[in-house]
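Working notes, beginning with the structure itself.
Here, each number is a calculation from the coordinates, and none is a lab measurement. If you're wondering where the values come from, they're calculated on a predicted model, not measured in any experiment. Every residue, glycine among them, receives a Cβ derived from its backbone with ideal geometry; neighbour counts consider all protein chains shown.
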Amino acid sequence: MRKNVWKSVSLLLIALCIVITGCSSDNKEKTNAGTDGGANTASDGEIKVGILHSLSGTMAISEVSVKEAEMMAIDEINAKGGVLGKKLVPVVEDGASDWPTFAEKARKLISEDGVATVFGGWTSASRKAMLPVFEELNGLLWYPVQYEGLEASPNIFYTGATTNQQIVPAVTWLLQNRGKTFFLLGSDYVFPRTANKIIKEQLKAEGGELVGEEYTPLGHTDYATIISKIKAAKPDVVFNTLNGDSNVAFFKQLKDAGITAKDMTTLSVSVAEEEIRGIGVDVLEGHLAAWNYYQSTDTPENKTFVENYKKKYGADRVTADPIEAGYDAVYLWAAAVEKAGSTDVAKVKEAAKGLEWDAPEGKIKIDGDNQHIYKTVRIGEVQADGQFKELWNSGDPVKPDPYLKGYDWAGSLSAGN
Amino acid sequence: MHKRLMSRQRLWLLAGYAAAATALFCAPLFLSDFRLNLLAKFLAFAIVALGLDLIWGYTGILSLGHGVFFGLGGYAMAMYLKLEASGGRLPDFMDWSGLSALPWFWKPFSSFGFAFAAGILLPALLALVLGYFTFRNRIKGVYFTILTQALVIITVTLFIGQQAFTGGTNGITGYGKLFGQSLASPDTKQMLYWVTVIALIAAYALCRFLVKSRFGKVLRAIRDGENRVRFIGYNPAIYQMVAFSISAGLAGLAGMLFVLHVGIISPSMMGIVPSIEMVLWVAIGGRGTLIGAALGAILLNSAKSVFSESYPDAWLFFMGLLFVIVVVFLPKGAAGLLGQFKWLRRRRAKHGEGDGVHYPAV
């Protein structure tokens with residue numbers, strides 16, 4: 001018994017040591033970076049910026065790449081001498097695919113670490129969870145993923161597309177080029193439901209016809225029933241807002257059911273280069289996607305971006321829209337800080353109005369009113385090499401319109417806002 | 001001799017309580033707003049752990065569904081806060097989801113009294129109903145545990161599917177005021193911390209009272225030999241139902257406090273993973289001891305915060321290591337370590353709660 005006591009005590013000591021090392025390394029970081037005397041005054045050659053993505057859990061597979069692109073942008077900026085002559089020091093936190101954790105970590109980054117800005121989030125749920133924290137503490141969040149719109153927080157910059165830069169033009173293009181009957185398929189959460197609500201209004205206004213609408217829980221993998229329904233409904237277009245693993249199951253089973261891209265058009269808004277790698281190009285070849293950027297987008301900036309990304313993270317890696325949007329976010333923030341001469345949130349926001357930058361996707365510009373980005377819309381077709389071939393683009397960057405105020409048919413959507 | 005020993009133990013015990021209470025009451029002096037907020041959240045978790053310990057540690061029923069009860073409490077409070085924040089207009093997510101009028105079951109939640117009562121009674125009632133159909137039919141052990149898991153899946157699917165009424169995967173967030181006071185202000189935060197401390201102490205006192213009472217003795221008897229209890233003439237089902245219901249009510253209370261501290265409730269807080277996590281707090285802390293369960297919740301969550309802040313890429317490994325260490329070397333949890341001290345052991349032996357407590361397999 002006595003022996004047991006010692007055994008347990010010594011083990012508890014080991015555990016304690018782990019905790020203490022954890023704390024002390026934390027403290028070291030703090031004193032190191034804490035010498036600048038807090039966030040927005042950063043006077044000592046360093047500016048802390050927060051990076052808050054899911055590094056564990058179901059979203060990690062998507063978000064880790066965005067985090068890497070942001071780290072790369074920070075490294076590049078530091079190599080060129082930093083911002084305002086100061087080095088950027090990233091403080092990385094794990095949102096763990098859990099929305100309350102995103103809120104907790106955002107609060108920690110702003111109030112404990114005193115970061116000048118935060119780059120982070122992927123799911124709408126994580127953004128909605130962080131939004132009150134950023135508004136309460138007057139922080140600054142750069143959110144890099146296309147989303148369902150109907151939001152414009154004064155403390156968030158949205159560097160991904162809103163609906164009128166992805167979904168709405170895609171539907172118009174499909175109606176003109178592929179047919180009038182639509183089948184809507186999505187994962188059961190906010191983005192697909194809101195997106196489909198918008199699409200249904202648009203179909204009504206532009207002469208399309210809805211022949212089916214189905215939702216499956218996130219992570220759902222059995223699409224046999226839905227594919228039979230699609231076969232029965234014979235739509236011209238399946239508009240796919242499935243997210244994550246479900247895409248793998250859906251496209252494999254679609255191919256097994258004998259439906260290929262030649263028989264029916266499928267346009268996805270959450271399938272990018274990275275997902276093609278996961279799903280397998282053989283089942284996706286010929287299917288469509290709508291984004292603002294592809295790895296194959298032909299600009300000199302993109303050539304360097306893809307080259308550097310591969311050099312840093314491996315030749316087998318691919319870039320994709322959210323990865324590029326995360327990369328853009330860091331540069332846009334840095335440019336705004338340079339212009340403002342300060343990291344103060346109000347000054348940075350003021351300086352960011354109308355700011356232009358040559359991004360890998362082409363010229364982008366911050367809209368001063370809603371803090372979204374002017375972006376070029378691109379519809380691409382999956383090729384045998386896992387890359388997209390651009391079928392159509394909008395030519396000029398499209399002005400962001402998160403509440404779809406410029407569309408008559410969308411009147412009922414933004415009611416009350 | 002006995003008397004003197006007793007008084008010395010009492011003294012120790014009182015000193016322990018005093019130290020814990022002082023630590024809780026002095027925390028606002030030493031901690032930053034953010035850390036205090038975190039601690040308050042952990043204290044709310046400790047309330048869940050107390051309730052779980054009542055049902056698992058003392059009654060021998062493993063529930064892997066407490067996330068649901070926690071979530072129901074959280075949603076009740078969040079509905080009140082959301083209505084308060086919307087100020088008579090339709091909450092924003094209903095707007096997106098195509099509702100044009102407030103659903104009838106949302107209406108009473110504009111009253112704080114109703115929301116508060118619902119936050120405790122709704123989970124308690126649900127547990128009572130579930131308990132009625134299971135315990136009365138003598139469904140126990142693994143079968144009961146599986147049923148609680150099913151409850152979790154059903155509830156989460158329902159909440160995600162009914163986006164217009166529940167906010168879907170986003171949950172309910174984006175509210176800032178309680179009784180006209182901004183939830184963001186440090187004063188309100190400190191106030192809420194005190195409320196949580198008081199709630200935790202009250203929950204602890206309630207559980208302790210229950211455990212020490214005749215009721216608690218029957219619970220332990222059920223844990224150690226349900227059939228014997230039945231043969232003696234008790235109806236175990238009633239005791240199990242009541243214990244399960246109280247446990248669910250405590251989880252609901254904790255859920256309400258959680259929402260006030262964190263500002264969001266979503267189905268991800270009531271899913272399978274959080275439900276299992278809650279059981280882990282009790283297991284690691286030491287089931288069958290109230291203080292162990294509460295400590296387990298606080299320690300594990302602190303560890304999670306510290307590890308994930310220091311090693312955002314590898315913190316899960318450290319958590320795993322911690323679990324392995326405790327499971328392999330401290331089968332009775334952290335509180336078991338306290339029990340190694342001689343005087344406590346003697347005291348326990350006197351009360352007939354020696355090392356020989358056997359938990360039925362779950």
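Can you give the longest stretch of chain B with no exposed loop site, where a site means chymotrypsin sites (Phe, Trp or Tyr not before Pro) in a DSSP loop (not H, G, I, E or B) with at most 12 other C-beta atoms within 10 Å?
B:1-178
For the residue pairs A:128/A:389; A:200/A:252; A:353/A:405, the alpha carbons lie more than 30 Å apart in A:128/A:389. Against chain A, whose longest principal axis comes from its Cα atoms, helix A:300-313 is set at around 60 degrees.
A simple rule links phi to the HN-Hα coupling: the Karplus curve 6.51 cos²θ - 1.76 cosθ + 1.60 with θ = phi - 60°, which for the stretch A:118-127 gives 10, 9, x, x, 9, 6, 4, 4, 5, 5 Hz, with x for Gly and Pro.
Equivalent-ellipsoid semi-axes for chain B (Cα gyration tensor, √(5λ), whole Å, largest first): 35, 25, 19.
Between residue B:30 and residue B:179, the simple label model (points 7 Å from Cα in the Cβ direction) yields a spacing of 2.9 nm. Listing A:405, A:67 from fewest to most neighbouring C-beta atoms within 10 Å gives A:405, A:67. Ordering B:337, B:62, B:267 by Cα displacement along the dipole of chain B toward the positive end leaves B:337 in first place; charges were set at the Cβ atoms of Lys, Arg (+1) and Asp, Glu (-1).
Selection among B:200, B:72, B:317 by position relative to the dipole of the protein assembly as shown gives B:200 as farthest towards the positive end (Cβ unit charges, Cα centre). What separates the Cα centres of the stretch B:68-107 and the stretch A:156-224 is a distance of 26 Å. Measuring max minus min along each principal axis, the C-alpha atoms of chain A give extents of 69, 65, 46 Å (largest first). On the basis of the beta-carbon distance and an R0 of 41 Å, residue B:154 and residue A:387 show a calculated FRET efficiency of 0.45.
Across chain B, the mean sequence separation of Cα contacts (distance under 8 Å, 6 or more residues apart), normalised by length, yields a relative contact order of 33 percent.
Here is how the number arises for chain B: DSSP H runs of 4 or more residues each give -39500 (n - 2.57), the sum is divided by the residue count, and the result at 222 nm is -24500 deg cm²/dmol.
When chain A is described by a simple charge dipole with +1 on each Lys and Arg Cβ and -1 on each Asp and Glu Cβ, the residue from A:260, A:99, A:167 located farthest towards its positive end is A:99.
For the stretch A:70-82, backbone phi angles converted through the Karplus equation (6.51, -1.76, 1.60; θ = phi - 60°) give residue-by-residue couplings of 5, 4, 5, 4, 5, 4, 4, 5, 4, 5, 8, x, x Hz, Gly and Pro being listed as x.
Close amide H pairs (under 5 Å, H built 1.01 Å from N) link residue A:92 with A:51, residues at least 5 positions away or on another chain. Rounded to whole Å, give me the distance from the Cα center of the stretch B:24-38 to that of the stretch A:355-417. When both Cα centres are located, 45 Å separates them.
Using the Cβ-Cβ distance between residue B:14 and residue B:215 with R0 set to 25 Å, the FRET efficiency from 1/(1 + (r/R0)^6) comes to roughly 0.50. Counting Cβ atoms of other protein chains within 10 Å of each residue's Cβ and taking the mean over peptide B:164-174 gives 5. Give the separation of the Cα centroids, the stretch A:118-142 to the stretch B:197-268, in Å. For the stretch A:118-142 versus the stretch B:197-268, the Cα centre distance is 37 Å.
For the residues of B:312-319, the average number of beta carbons from a partner chain within 10 Å of their own beta carbon is 5.
Shielding value for A:183-194 is 3, the average number of Cβ atoms from other chains within 10 Å of each residue's Cβ.
Normalising by residue count, the protein assembly as shown has a Cα convex hull of 170 Å³ per residue. Return the lysines within reach of residue A:312: Cα separation strictly under 22 angstrom, same-chain partners fewer than 8 residues apart disregarded; answer none if there are no such residues. Within reach: A:67, A:80, A:87, A:303. Output the 0 to 90 degree angle, nearest 10, between the alpha-carbon long axis of helix B:214-232 and the longest principal axis computed from the alpha carbons of chain B. Long axis of B:214-232 versus the principal axis of chain B: about 70 degrees. Assuming charge only on the beta carbon of Lys and Arg (+1) and of Asp and Glu (-1), the dipole of the stretch A:355-405 about its Cα centre is about 120 debye to the nearest 20.
Let me know the number of lysine pairs in chain B closer than 14 Å at the Cα, not counting same-chain pairs under 8 apart.
Pairs that pass both the separation and distance tests number 7.
Against chain B, whose longest principal axis comes from its Cα atoms, helix B:290-310 is set at around 60 degrees.
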